[in-house]
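Asks: My questions all concern the structure below.
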Amino acid sequence: MLQFRPIELRDREMVNRYLREKDIPGNQYSFGNLFIWRNIYHAELCEEDGFLFIKSGPSGNYDFMCPIGSGDLKGAVENLLAWCGAEGCTLRMKWVPEGDKVLLETLFPGKLRISSDRDCADYIYERERLRTLAGRKLQSKRNFVNRIKKQNWSYEPITLENMAECQQVQQAWCRENNHCTEDGPRKESCAVQQAFRHFADLGFRGGCIRLDGQVVAYTMGEPLNSNTFIVHIEKALSGIPGAYPLINQQFAEHAMDGFTYVNREDDAGDEGLRKAKLSYDPVRLFQDYVVEFPPAED
């Protein structure tokens, strides 16, 4: 029987070994993402028979990733089915990429319920376009950046020396969002605190913008797969036109050498966030799937 345990920092290299082999550009295939959200979503893992198993969710209402490995996928899924049978829950796998979805349909014909959720689709951009903001569709972003660059500004990577100033931007963002008392901002703030606390251990890269010497925006992310960099967090003080486009553009310019694409994660169904992400003209949306094994009576 599979034995799940909480995700820990010491798991980073082991998890990344599996994720590198999978080479998926989705945000859930990032150890950093799994780690900083682990307490909020009760994320746990198990390594067994050449496969990595990851589950999240409160007791009895679990979501699983499709087993990650290069061996007998059918046997790995059957291990999950046995675990769910012992726990009295239904096997529901989320964040299943297209290739695994097709394989699961072949391995378990007629037994699956498959759906997708547009709210969970990741926005994938060309790194070079984010760096240059070239083209008519990004002209408004380019104009914002050009205007703010006429001020006394500078970009610098996040270090131990300026991290506290970046955290002050995060604290200001919380104050502007009802002090992060609502569920969404509260959860995000907890994940951000983990990102700052374990920034170096997670191998994160970050950058910040100063205006007249004050940090007004920051961002952080990490390499995701062989050709994609992922941006986990991006925050700026309100009332500073161009702060978001500038930190986005500068981070792409300074922190992503060697990567062709940038994953800026999903919009979680937030219409304002969706509009903002679409305004940067993504090259594609990375859509994954929910694969369920419904009870026989369904």
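The values are calculated or read from the model by the stated rules, or taken from the named source; none is laboratory data. The model shown is predicted, which means the values in this text are computed figures rather than measured ones. Positions of Cβ are backbone-derived with ideal geometry, glycine not excepted, and every protein chain shown enters the neighbour counts. With ligands, DNA and RNA removed, areas are computed over all heavy atoms of the protein, side chains included. Shrake-Rupley method; radii C 1.70, N 1.55, O 1.52, S 1.80 Å.
Asks: Can you find a residue that is outside any helix (DSSP H, G or I), in contact with a helix residue (DSSP H, G or I) (Cβ under 6 Å, 6 or more places away or on another chain), modelled with pLDDT of 95 or more and under 29 Å from ASN16 (Cα atoms) anywhere in the stretch 174-196?
Replies: no
Asks: Tell me which of these LEU285 doesn't satisfy, since it passes every other one: (1) in a strand (DSSP E or B); (2) within 16 Å of LYS141 (Cβ to Cβ); (3) open to solvent by 40 Å² or more (accessible area, probe 1.4 Å); (4) not hydroxyl-bearing (Ser, Thr, Tyr).
Replies: (2)
Asks: Let me ask something else about it. If you take the residues in the stretch 200-219 that are touching a Leu at 6+ places or on another chain (Cβ under 9 Å) and under 21 Å from LEU19 (Cα atoms), which one is least open to solvent (accessible area, probe 1.4 Å)?
Replies: LEU202
Asks: Which strands (runs of 3 or more DSSP E) does the stretch 6-71 wholly contain that include 3 or more residues that are surrounded by 21 or more Cβ atoms within 10 Å (Cβ to Cβ)?
Replies: 51-56
Asks: Could I ask something else about it? Please tell me if GLN139 is open to solvent by 60 Å² or more (accessible area, probe 1.4 Å), closer than 20 Å to ALA195 by Cα and either charged (D, E, K, R) or part of a helix (DSSP H, G or I) (or both).
Replies: Considered against the rule, which asks whether it is open to solvent by 60 Å² or more (accessible area, probe 1.4 Å), closer than 20 Å to ALA195 by Cα and either charged (D, E, K, R) or part of a helix (DSSP H, G or I) (or both), GLN139 comes out as no.
Asks: Take the residues in the stretch 156-167 that are assigned to a helix (DSSP H, G or I) and touching a Gly at 6+ places or on another chain (Cβ under 9 Å); name whichever of them is least open to solvent (accessible area, probe 1.4 Å). Spell out how you get there, then give the answer.
Replies: Residues of the stretch 156-167 that are assigned to a helix (DSSP H, G or I), as a first pass: 163-167.
With touching a Gly at 6+ places or on another chain (Cβ under 9 Å) added as a condition, the list becomes 163, 166.
Values: MET163: 25, CYS166: 0 Å².
Per the stated criteria, the residue is CYS166.
Asks: Right, next: Give GLU98, GLU78, GLU126 a once-over and let me know the one that is open to solvent by 30 Å² or more (accessible area, probe 1.4 Å), over 19 Å from the mean Cα position of the chain (by Cα) and charged (D, E, K, R).
Replies: Answer to the check: GLU78.
Asks: Where residues in the stretch 177-215 are small (Gly, Ala, Ser) and on the phi > 0 side of the Ramachandran plot, which of them is nearest to the chain's Cα centre (by Cα)?
Replies: Our first condition is that a residue be small (Gly, Ala, Ser); within the stretch 177-215, this holds for 184, 189, 191, 195, 200, 203, 206-207, 213.
Next, only the ones that are on the phi > 0 side of the Ramachandran plot stay: 203, 213.
On the way: GLY203: 15, GLY213: 30 Å.
By that ranking, first place goes to GLY203.
Asks: Ok, one more. Regarding the stretch 147-155, can at least one residue be identified that is among the polar types (S, T, N, Q), under 19 Å from LEU246 (Cα atoms) and outside any strand (DSSP E or B)?
Replies: Yes; the residues of the stretch 147-155 include at least one that is among the polar types (S, T, N, Q), under 19 Å from LEU246 (Cα atoms) and outside any strand (DSSP E or B).
Asks: Got a number for residues in the stretch 4-39 being β-branched (Val, Ile, Thr) and under 14 Å from the mean Cα position of the chain (by Cα)?
Replies: Final tally of qualifying residues: 2.
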